[in-house]
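The values are calculated or read from the model by the stated rules, or taken from the named source; none is laboratory data. All values reported here derive from a predicted model rather than from experimental measurement. Don't worry about glycine lacking a Cβ; one is built from the backbone with ideal geometry, like all the others, and counts go over all protein chains shown. Side chains included, ligands, DNA and RNA excluded: accessible areas come from the protein's heavy atoms. Shrake-Rupley method; radii C 1.70, N 1.55, O 1.52, S 1.80 Å.
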Amino acid sequence: MTHHSAKTSLHSRLHKHEQFASQLIDEKHDFIVYVPQAFHHDPNRFFPVLYLHDGQNLFDPETSFIKGNYWRVGETADALIESGEVEPLVIVGIYNAGVKRINEYTPLEDRRLGGGQADAYGQMLVDDLKPFVAHHYRTLAGPENCGMGGSSLGGLVTLYLGMRYPGVFGKLAVHSPSVWWRERVILKYVEQIRQKTGQHIWLDIGTNEGHRAMPDVRALKRMLVRKGWRPGKDLEYHEIPGGHHSEYAWAERVGPMLKFLFPRRG
């Protein structure tokens with residue numbers, strides 16, 4: 001019997017790092033790292049990596065925003081890797097900063113709501129957290145092996161930082177993005193793109209996410225298409241009938257997103 005057949009539990013492959021400190025921002029961040037079965041079975045292998053915002057909602061029903069209601073990222077990734085639909089990857093869930101979440105996930109300050117510190121958060125991700133993860137978890141280099149994703153304001157900051165760092169993040173998972181922030185300023189950022197990057201973008205919205213959400217996300221999709229993204233090729237766009245703005249709804253979208261952004265390499 002080879003050692004490969006011994007399965008390790010999902011729980012044993014989730015590694016929590018607490019109070020990660022950066023020189024670039026005051027906030028310390030917990031983060032949790034999922035590694036696939038192959039990580040332990042094949043110690044010389046390197047893996048693509050996906051960074052997800054709102055880390056407390058992804059892997060653990062106890063820490064999620066509404067207890068018990070979480071994204072089931074570990075279970076979904078395990079199932080799709082095992083079925084051969086998704087390539088083995090490392091997934092990093094970065095916990096949000098609680099009351100300061102709105103600061104880190106927004107590109108510009110809003111008069112009423114504050115915010116506007118996404119640049120510093122992005123710099124922390126790229127210059128501090130990413131090298132730490134690469135050092136400890138054998139991740140592959142290059143944008144084609146690195147993704148970022150999130151929902152709501154986490155979707156907004158994913159798209160914004162993806163546009164800022166196309167040479168770092170080649171895959172973006174933009175779930176139910178808060179396009180409305182600061183008079184839809186994200187549309188202006190997308191409009192300023194001189195030439196399309198080689199990024200693959202997953203974009204979705206549920207039909208029950210409030211009356212502004214659908215028109216906003218449709219406008220974003222049209223803008224991406226104008227900039228050269230091709231639906232069905234490097235842009236996967238979904239409107240989910242009856243889809244709500246909730247962890248439960250986003251959990252349903254994790255599988256299709258992983259299949260699009262990290263398909264098994266033939």
Of Met148, Ala173, Thr197, farthest towards positive along the dipole that unit charges on Lys, Arg, Asp, Glu beta carbons give region 140-266: Thr197
Once Ser12, Ser178 are ranked on solvent-accessible area with the largest value leading and a 1.4 Å probe, the list reads Ser12, Ser178
Expressed as an acute angle from 0 to 90° and rounded to the nearest 10, what is the orientation of the C-alpha long axis of helix 247-261 relative to the principal long axis of the chain? 70 degrees
Using only Cα atoms, what is the ratio of the radius of gyration of region 95-221 to 2.2 N^0.38 Å? 1.05
May I ask for the angle, rounded to the nearest 10°, between helix 181-191 and the longest principal axis of the chain, with both axes built from Cα atoms and the value confined to 0 to 90°? 80 degrees
Kindly report the accessible area of the chain per residue (heavy atoms of protein chains, probe 1.4 Å, no ligands, DNA or RNA), in Å². 46 Å²
Square roots of five times the Cα gyration tensor eigenvalues for the chain, Å: 28, 21, 19
Taking only the alpha carbons of region 3-131, the radius of gyration and the largest Cα-Cα distance, Dmax, both in angstrom, are 16.3, 58
Could you rank the peptides 146-153, 100-107, 46-53 by their average count of other C-beta atoms within 10 Å per residue, with the highest value first? 146-153, 46-53, 100-107
To the nearest 500 deg cm²/dmol, what mean residue ellipticity at 222 nm is calculated for the chain from DSSP H runs of n ≥ 4 alone, each contributing -39,500 (n - 2.57), summed and divided by the residues? -9500 deg cm²/dmol
May I ask you to give the percent of accessible area on region 188-227 that is carbon plus sulfur, with a probe radius of 1.4 Å? 47 percent
Carbon plus sulfur fraction of accessible area for region 1-142, probe 1.4 Å, in percent: 52 percent
Could you rank the peptides 205-218, 184-197 by their average count of other C-beta atoms within 10 Å per residue, with the highest value first? 205-218, 184-197
Whether region 157-266 is rounded, prolate or oblate, judged on the alpha carbon gyration tensor where a/c under 1.5 counts as rounded: oblate
Could you give the angle, 0 to 90 degrees to the nearest 10, between helix 153-164's Cα long axis and the longest principal axis of the Cα atoms of the chain? 90 degrees
